[in-house]
Amino acid sequence: MANICIVINPISGPSRRGSGAERVAIATRALQRLGVKADIRLTERPGHAHEMATDAAVAGAELVIVWGGDGTMNEVARALVQHTAEGRGFSRAIPAPALGIIPGGSGNGLSRELGIPFDPAKAIERAIRSRVRYIDAGELGDRLFFNAAGVGLDAHVAALVSTRIHHRGLLPYVKASARDIFRYIPLDYTIAADGRTSAVSAMFVALANGKQYGFGAEIAPNASLDDGLLDLVVVEDRAILGNLLRVPSVFLGRFHQQKGVTVSRVREVTIHSREPMLFHVDGEAVQGTDTLVARVHPGALRLRV
């Protein structure tokens, strides 16, 4: 296969393991064993992966492989999907590069669900030799996501970890969630989906394309990446004890069965609050307005996994 680009985030992952040079060397050796050539690029700043993927798509690349965490994956995947966009729609009629993934972040939620090897050389081989698979893209507040998005406590924790904690991994997320579950003040939301409107005081409201945030923490165990729907997960406030008792179920695949947790499948949903909402897309926090619209774009992303 010709026309391959590998985009590497040199500082992603727990304790930022491995320098950029080390990751380039690993990728180079893997490509040599496969007898394949590729353009290998290192990101230098936030948003750089998106720029590189856009350039690769315009130049006619057939495959763009991203080595990084969920945020870097989102940048690259978003660029590839936008390359096929016609106005506000998405079409398979316009050829676009497929996405390959080398898990290199903390949670690696999408990679875990897709069963991508954590060994970089094996992940590169998988991306190059696999057939194309289409998965859905979600959209929240005009920002695309491919695994999960939401408002409330999960967005608050995502912002905290990305701005105040200088190392990644499961522990910072656990600490931030455990600390803030005691002091986070739930917001009142009005949620309109599929002709029904409800009002709820919620710890968070999640939109799941995939099953888990990462680390094996399943927020929507029955979600599917390619069913043309998003799983709307509304987690009501159950006071401190009730909120704590639900936490273990996230890692046991039973979160959707807990009291105060409702899950429904939607194509479009509008979330309204009395104040501007912080939200996240694939773990990256974004400041939004008091009204956010979420929708799904079926089959928008081409994958080689």
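Details
- Rounded to the nearest 20 debye, the dipole size of the chain about its Cα centre is 880 debye, using +1 on the Cβ of Lys and Arg and -1 on the Cβ of Asp and Glu.
- Each peptide in 53-60, 281-288, 251-258, 215-222 gets a packing score, the mean of other Cβ atoms within 10 Å over its residues, and the list from highest to lowest is 281-288, 215-222, 53-60, 251-258.
- Mean separation of Cα contacts under 8 Å, 6 or more apart, over the residue count of the stretch 4-130: relative contact order %: 28 percent
- Taking 0.36 nm per residue of separation and subtracting the current Cα-Cα distance, fully stretching the chain between Arg33 and Asp227 would add 66.2 nm.
- Extreme residue, positive dipole direction of the chain, given options Gly47, Leu99, Ala79 (C-beta unit charges): Leu99
- Calculated mean residue ellipticity, 222 nm, the chain: -9500 deg cm²/dmol, from DSSP H runs (n ≥ 4) at -39500 (n - 2.57) each, averaged per residue and rounded to 500.
- Rounded to 5, the percent of DSSP beta bridges in the stretch 4-130 classed as antiparallel: 10 percent
- Extension gain for the segment His48 to Arg196, taken as residue separation times 0.36 nm less the Cα-Cα distance, is 49.2 nm to one decimal.
- Ranking of Thr84, Thr197, Thr28 by neighbouring Cβ atoms within 10 Å, starting from the fewest: Thr197, Thr28, Thr84.
- Nonlocal amide H pairs with Ala137, under 5 Å, H built at 1.01 Å: His297, Gly299, Ala300, Leu301
- Compared with the dominant principal axis of the Cα atoms in the chain, helix 70-84 is inclined by about 70°.
- Remark: spin-label model distance Tyr134-Asp188 equals 4.3 nm, labels positioned 7 Å along the Cα→Cβ axis.
- Folded to 0 to 90 degrees: helix 48-58 orientation relative to the chain principal axis, Cα: 60 degrees
- Positive minus negative residues near Leu232 (Lys, Arg vs Asp, Glu; Cβ under 12 Å): +1
- Of the three principal axes defined by the Cα atoms of the stretch 4-130, the extents in descending order read 40, 31, 28 Å.
- When only Cα pairs below 8 angstrom with a gap of at least 6 residues are kept, the chain shows a relative contact order of 21 percent.
- Axis of helix 170-183 versus longest Cα principal axis of the chain: the two differ by about 20°, to the nearest ten degrees.
- Descending principal axes extents, the chain, alpha-carbon based, whole Å: 57, 40, 30
- Most positive-pole-ward Cα, Ala159, Gly13, Ile271, against dipole of the chain from beta carbon charges: Gly13
- For Ile219, the shell of other residues with beta-carbons less than 10 Å away shows a net charge of -2, using +1 for Lys and Arg and -1 for Asp and Glu.
- Bridgeable aspartates and glutamates around Lys259 (alpha carbons under 14 Å apart, same-chain partners fewer than 8 residues away excluded): Glu236, Asp237.
- Other residues within the sphere of radius under 13 Å centred on the Cβ of Lys122, judged by their own Cβ, net out at +2 (K and R +1, D and E -1).
- Farthest towards the positive end of the charge dipole of the chain, among the residues Ile219, Leu207, Val24, is the Cα of Val24, using unit charges on the Cβ of Lys, Arg, Asp and Glu.
- Nearest-0.05 FRET efficiency for Lys122 and Thr262, computed from C-beta distance (R0 41 Å): 0.60
Values quoted throughout were computed directly from the atomic coordinates according to the rules given, and no laboratory measurement underlies them. What you see is a predicted model; the values in this text were computed from it and never measured. Please note: Cβ atoms are built from the backbone with ideal geometry, for glycine as well, and neighbour counts cover all protein chains shown.
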